[in-house]
Amino acid sequence: MDILITGLLLGGTYALIAMGLNLQYGMARIMNLANGEMLVAGGFAAFWLYNAGQVSPLLTVFLVAPLAFALNWLIYRVMLLPLVRRAKSRGQLEVDSILATFGLSFVAVGLMLMAFGGDYFSYSYLARPVSFLGDTYALNRMVAFLAAVVICGALYLWLERSRAGMSIRAIAVAPESARLVGIDVPRLAAIAFALGGAVTAAGGALISSFLTLDASTGVVFTLKALIIVIMGGVGDVRGTIVAALLLGVMETFVAALIDPGLTLAAAYLLFILILLFRPQGLFGQRTT
Amino acid sequence: MAVPSSSTPVLSLRGATKRFGGLVAVNNLDFDVMEHQVMGLIGPNGSGKSTTLNLISGALRPSAGSILLRGAPITHLRAHAIARRGVARTFQLVRVLPSMTVLENIRAGAVFGHRRRWGHEADAFATQMAEKVGLAGKLAMRVSQLTYIDTKRVELARALASEPRVLLLDEWLAGLNPTELGEGIALVRRLRDEGRTILLVEHVMDAIRSLCDACVVMAAGAKIAEGTPDEVLSDPEVIRAYLGEEDA
Amino acid sequence: MTGQELRALILSTLALAAAAALPALGSSYWLTMGVTIAMYTVLATSWALFSGPTHYISLATAAFFGVGTYTTAIGIELLPYWTLLPIAAALGAVMAALVGFATLRLSGVYFVIFTLGLAEFVRQIITWVQNLTGQKGLYVLTDLTEKHIYWQLLGLAALVYLAGWLIARSRLGFALRIIGDDEEVARHVGIDTALAKIVLFMVPGAVAAVAGAMLAPRYIYIEPSLAFTPMLSFQVVIMALLGGTGRLWGAVVGVIPFTLLWEAISASFPNQTTLLLGVAFLVIVYLLPRGFVGLLEDARRRLGGGGW
Ligand SMILES: Nc1ncnc2c1ncn2[C@@H]1O[C@H](COP(=O)(O)OP(=O)(O)O)[C@@H](O)[C@H]1O
Ligand SMILES: [Mg+2]
């Protein structure tokens with residue numbers, strides 16, 4: 001039981017990160033392999049602010065999110081939009097954006113190594129036990145989970161209700177027709193990409209309150225986020241959340257019952273099963 | 001495989017249906033194409049003609065119903081397997097292989113299609129098909145240097161190079177100017193005179209009257225008429241379907 | 001065989017003979033560099049054989065390589081060294097076929113992600129098994145020296161080039177060019193595109209596993225983090241793309257300068273190799289989308305030369 005709840009708590013934060021990637025891939029159509037580095041950067045900011053001035057990671061989120069939004073917006077306009085423009089086909093854009101974002105990811109890791117060195121970083125924020133349904137859990141995990149729920153919920157409402165959100169969903173479903181009904185696709189794609197980066201960085205700030213990070217762990221989170229997005233279905237918010245919770249629970253089970261060194265292997269196994277049996281995602285319709 | 005005889009149709013559709021989400025693009029379609037027959041598939045824009053060809057060629061999988069090639073079901077085969085059994089096609093939006101020469105484009109059909117050839121034999125046959133469609137002398141050109149009608153010829157020659165049992169043409173005559181149209185119709189007529197089995201989607205009425213032995217008319221995914229071109233083109237329901245399109 | 005092909009054959013034989021004479025220089029530094037360059041040539045050329053025409057980016061090199069290394073590490077106790085190379089090739093090919101079966105029917109993104117995780121997946125499994133059996137690493141003790149490893153790698157390189165040459169002249173090669181141009185057309189002319197890609201992917205799988213098996217004696221002590229370094233996959237991608245995948249000889253044009261640069265950077269700024277990888281990726285995407293080969297061909301065209 002406590003494994004299940006710990007897993008769900010972890011999955012909640014994963015959902016946030018995967019939502020970020022899903023905004024970027026599902027809506028802006030860029031497979032951002034530097035996503036994990038944005039997360040680590042968010043974590044770094046939280047770590048640094050906490051150590052320097054005891055700033056709560058929950059507050060850091062409000063600082064990190066707009067910064068990450070601006071940075072990702074710039075990345076999209078300056079680096080990715082030219083690739084979108086020059087691509088002759090979806091396939092070419094895919095290859096170009098994979099290579100470019102790999103490049104970004106390594107550059108980011110390189111810069112973070114230079115700035116902060118290769119050490120692990122962690123701090124203890126709200127690291128005290130609370131009891132819930134008869135078991136005890138770390139308070140920081142609970143708080144991070146609740147914050148993730150709030151952010152996910154706000155994002156979901158924004159996508160469902162607001163005009164910009166609906167336009168963004170429209171470009172995800174049918175970019176051509178979206179253009180025809182007068183939606184400024186490049187502008188909204190940039191916003192979706194930037195928003196994805198902001199959400200991921202916020203997730204990083206939250207996750208750093210209970211996980212140990214270092215400059216080169218980003219790729220692990222990228223991989224997990226990718227697996228969640230594919231499992232949940234590209235562009236599918238509900239699917240992403242379910243898949244993230246599933247992955248969180250599965251990882252926690254494997255770590256508790258078999259071996260903590262196998263968490264990524266477990267995620268990967270799940271991914272293989274999805275690819276073989278439901279490549280369109282958990283809730284997707286089989287199209288071809 | 002069923003024994004082919006003059007009474008077995010080359011191609012049959014039985015209740016073929018394709019849904020895209022809520023939209024039924026092809027609805028319970030039945031028809032047969034006989035050996036040596038040129039069958040026209042006509043109907044207003046968006047009535048499901050291309051989708052029907054896509055179901056036959058395996059580009060899309062039917063949601064329901066079955067498709068038979070000489071009595072044997074091909075419904076659940078993938079496109080390459082269907083091509084090998086003898087279905088070749090052209091595309092409504094021309095698809096040629098941009099990095100290759102005209103000869104190489106055509107050779108693709110000869111090497112991998114229904115009747116497979118290799119080496120000199122493939123080149124010789126591809127050259128022969130190029131001559132048949134009027135591309136003699138352009139074999140070494142890159143397809144990017146060709147005029148529009150010549151790219152259409154390349155596509156047709158590539159389909160012919162596989163020696164298909166049935167040839168699917170999706171608006172092969174669309175977008176040609178009047179002179180080219182005359183040449184195009186003459187070319188398809190020659191294929192018809194060779195006794196080929198052809199299913200063609202067409203909008204050009206002259207072409208339909210002069211080329212087709214029979215026609216199937218589609219509207220909103222369903223078959224609304226079938227018969228000789230003269231019969232179907234004077235059918236009131238068909239006229240209404242086409243007029244309805246003009247209103248919209 | 002045409003005159004052009006004959007000339008290419010003579011040239012490549014000469015190049016191979018010259019390369020084989022490297023140990024005669026007697027410099028251990030250059031012999032070590034030779035091993036590194038030969039290894040990357042083998043890996044990058046076989047990588048480009050697959051990724052050039054299909055445009056799929058494989059990050060599975062490290063996984064295949066590690067499996068090969070472990071084949072030697074485990075097998076050396078039981079079997080003569082020479083039988084281990086074909087076994088490694090078979091294991092690599094089978095693994096590639098399985099990966100291909102799971103992913104190559106889907107879009108390129110799935111393939112990248114899958115291969116990105118593969119090395120880490122295998123590494124975690126091996127580490128776990130070793131923890132269960134209470135064993136940390138494996139010793140590979142042979143009397144093979146650096147020189148022998150170098151010559152073996154050269155032989156493997158010759159085989160890779162031969163395979164590339166043969167594939168280009170085969171139906172498979174033609175099918176791949178068609179797939180590279182338009183996959184929809186490829187299917188409709190009767191090409192089983194998934195099968196063609198899977199078969200082709202087995203080539204780099206087998207080659208990388210053999211390379212790993214050949215290099216195991218050099219490491220002497222094998223442990224998972226050494227055999228499955230994810231960096232290897234990225235370096236191979238960069239070298240191949242930097243050289244250009246349009247030609248068989250393209251990869252080696254990227255391998256030599258990048259290896260030298262890599263060595264120089266890691267000697268003087270050991271912490272900046274990650275940054276170098278990143279910058280190299282960006283250079284490829286924004287400045288050299290067709291690699292050095294593309295640059296050379298453009299230059300030739302501008303100088304008025306037509307064909308080769
Ligand atoms: N891949 C697809 N996904 C969704 N809808 C499609 C797809 N292909 C065709 N359609 C729809 O199916 C209907 C029939 O299209 P089509 O077969 O191309 O018509 P036609 O060739 O007769 O003009 C149209 O409404 C079209 O928008
Ligand atoms: Mg159509």
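Does residue C:112 count as part of a helix (DSSP H, G or I), facing another protein chain (nearest Cβ under 9 Å), within 18 Å of the chain's Cα centre (by Cα) and farther than 26 Å from residue C:37 by Cβ? It is true that residue C:112 is part of a helix (DSSP H, G or I), facing another protein chain (nearest Cβ under 9 Å), within 18 Å of the chain's Cα centre (by Cα) and farther than 26 Å from residue C:37 by Cβ.
Residue-level check: of (1) within 22 Å of residue B:153 (Cβ to Cβ); (2) surrounded by 20 or more Cβ atoms within 10 Å (Cβ to Cβ), residue B:92 misses just (2). Considering the range C:266-282, and only residues there that are of a type in the set (A, V, I, L, M, F, W, C) and more than 8 Å from chain A (Cβ to nearest Cβ), the residue that is surrounded by the fewest Cβ atoms within 10 Å (Cβ to Cβ) turns out to be C:267. Report whether or not residue C:173 is within 14 Å of chain B (Cβ to nearest Cβ) and either surrounded by fewer than 21 Cβ atoms within 10 Å (Cβ to Cβ) or assigned to a helix (DSSP H, G or I) (or both). In short, yes. Residues that are away from ligand 1 (no atom under 16 Å from the Cβ), of a type in the set (A, V, I, L, M, F, W, C) and within 14 Å of chain C (Cβ to nearest Cβ) within the range B:144-170 comprise B:154, B:156, B:157, B:159, B:160, B:161, B:166, B:167, listed in sequence order.
Residues considered: C:64, C:121, C:114, C:101. Of these, the only one that is of a type outside the set (Asp, Glu) and closer than 26 Å to residue C:248 by Cβ is C:64. Find all pairs meeting these conditions: Cβ atoms under 9 angstrom apart; at least six residues apart or on different chains; first residue within the range C:283-297 and surrounded by 15 or more Cβ atoms within 10 Å (Cβ to Cβ); second residue polar (S, T, N, Q) and at pLDDT 85 or above. Short answer, once both residue conditions are applied: C:285/A:97; C:290/C:245; C:291/C:245; C:293/C:245.
Candidates are the residues of the range C:137-153 that are in a helix (DSSP H, G or I) and either of a type in the set (D, E, K, R) or touching a strand residue (DSSP E or B) at 6+ places or on another chain (Cβ under 8 Å) (or both); the one that is nearest to residue C:64 (Cα to Cα) is C:146. Collect the residues in the range B:188-238 that are buried (at least 17 other Cβ atoms within 10 Å of the Cβ), more than 16 Å from ligand 2 (Cβ to nearest atom) and in a helix (DSSP H, G or I), keeping them in residue-number order. If the condition is that a residue be buried (at least 17 other Cβ atoms within 10 Å of the Cβ), more than 16 Å from ligand 2 (Cβ to nearest atom) and in a helix (DSSP H, G or I), then B:188, B:191, B:192, B:211, B:229, B:232, B:233, B:238 are the ones that fit.
Of A:271, A:253, A:193, A:221, all but one fail to be assigned to a helix (DSSP H, G or I), surrounded by 16 or more Cβ atoms within 10 Å (Cβ to Cβ) and at the interface with chain C (Cβ under 10 Å from one of its Cβ atoms); the exception is A:271.
Just one of the numbered conditions (1) away from ligand 2 (no atom under 16 Å from the Cβ); (2) surrounded by 18 or more Cβ atoms within 10 Å (Cβ to Cβ); (3) under 18 Å from the mean Cα position of the chain (by Cα) is not true of residue B:111: (3). If you go through the range B:12-62 one residue at a time, how many are over 21 Å from residue B:212 (Cα atoms) and either among the polar types (S, T, N, Q) or within 15 Å of ligand 1 (Cβ to nearest atom) (or both)? Residues flagged as over 21 Å from residue B:212 (Cα atoms) and either among the polar types (S, T, N, Q) or within 15 Å of ligand 1 (Cβ to nearest atom) (or both) within the range B:12-62 amount to 20. Restricting attention to the range C:121-136, does a residue exist that is surrounded by fewer than 16 Cβ atoms within 10 Å (Cβ to Cβ), away from chain A (no Cβ under 14 Å), of a type in the set (Gly, Ala, Ser) and not in a helix (DSSP H, G or I)? No - not one qualifying residue is present in the range C:121-136. Only a single criterion out of (1) over 15 Å from the mean Cα position of the chain (by Cα); (2) surrounded by 19 or more Cβ atoms within 10 Å (Cβ to Cβ); (3) within 16 Å of ligand 2 (Cβ to nearest atom); (4) more than 20 Å from residue B:226 (Cα to Cα) is not satisfied by residue B:84, namely (3). For the range B:118-143, give me each residue that is modelled with pLDDT of 90 or more, within 14 Å of another protein chain (Cβ to nearest Cβ) and farther than 16 Å from residue B:155 by Cβ. Hits for the range B:118-143 are B:118, B:120, B:121, B:122, B:123, B:125, B:140. Does residue C:92 count as away from chain B (no Cβ under 14 Å) and either among the small types (Gly, Ala, Ser) or surrounded by fewer than 22 Cβ atoms within 10 Å (Cβ to Cβ) (or both)? Against the criterion (away from chain B (no Cβ under 14 Å) and either among the small types (Gly, Ala, Ser) or surrounded by fewer than 22 Cβ atoms within 10 Å (Cβ to Cβ) (or both)), residue C:92 qualifies. When every residue of the range B:158-180 is checked against the conditions, at least one turns out to be farther than 18 Å from residue B:132 by Cβ and among the small types (Gly, Ala, Ser).
The set of residues in the range C:156-178 being more than 22 Å from residue C:95 (Cβ to Cβ) and in contact with a helix residue (DSSP H, G or I) (Cβ under 9 Å, 6 or more places away or on another chain) consists of C:158, C:161, C:165, C:166, C:168, C:171, C:173, C:174, C:175, C:177, C:178. For the residues B:79, B:59, B:72, the requirement of being crowded, with 24+ Cβ neighbours inside 10 Å and within 25 Å of residue B:11 (Cβ to Cβ) singles out B:79.
Here residue B:74 qualifies as more than 13 Å from ligand 1 (Cβ to nearest atom), free of Cβ contacts under 8 Å to residues at least 40 places away in the same chain, within 19 Å of the chain's Cα centre (by Cα) and over 18 Å from residue B:28 (Cβ atoms). With respect to residue B:173, is the statement that it is within 16 Å of ligand 1 (Cβ to nearest atom) and either surrounded by fewer than 17 Cβ atoms within 10 Å (Cβ to Cβ) or farther than 26 Å from residue B:65 by Cβ (or both) true? In short, yes. Is it fair to say residue B:22 is modelled with pLDDT under 95, within 13 Å of ligand 2 (Cβ to nearest atom) and more than 14 Å from chain C (Cβ to nearest Cβ)? No; evaluated as a whole, the condition is false for this residue. Residues in the range C:154-170: is at least one touching a Pro at 6+ places or on another chain (Cβ under 7 Å), more than 10 Å from chain B (Cβ to nearest Cβ) and either in a helix (DSSP H, G or I) or of a type in the set (Lys, Arg) (or both)? Scanning the range C:154-170 turns up no residue that is touching a Pro at 6+ places or on another chain (Cβ under 7 Å), more than 10 Å from chain B (Cβ to nearest Cβ) and either in a helix (DSSP H, G or I) or of a type in the set (Lys, Arg) (or both).
Can you tell me which condition residue A:42 does not meet? The list is (1) in contact (Cβ under 8 Å) with a residue 60 or more places away in the chain; (2) outside any helix (DSSP H, G or I), and all the others hold. Going through (1) in contact (Cβ under 8 Å) with a residue 60 or more places away in the chain; (2) outside any helix (DSSP H, G or I) one by one, residue A:42 breaks only (2). Tell me yes or no: at least one residue of the range B:56-79 is within 16 Å of ligand 2 (Cβ to nearest atom) and more than 9 Å from every other protein chain (Cβ to nearest Cβ). Scanning the range B:56-79, I find at least one residue that is within 16 Å of ligand 2 (Cβ to nearest atom) and more than 9 Å from every other protein chain (Cβ to nearest Cβ), so the answer is yes.
Among the residues of the range B:88-101, the one identified as more than 9 Å from every other protein chain (Cβ to nearest Cβ) and over 21 Å from residue B:174 (Cα atoms) is B:101.
The values are calculated or read from the model by the stated rules, or taken from the named source; none is laboratory data. Since the model is a prediction, treat every value here as computed from it, not as a measurement. Because the Cβ atoms are built from the backbone with ideal geometry, glycine has one as well, and the counts that use them run over all protein chains shown.
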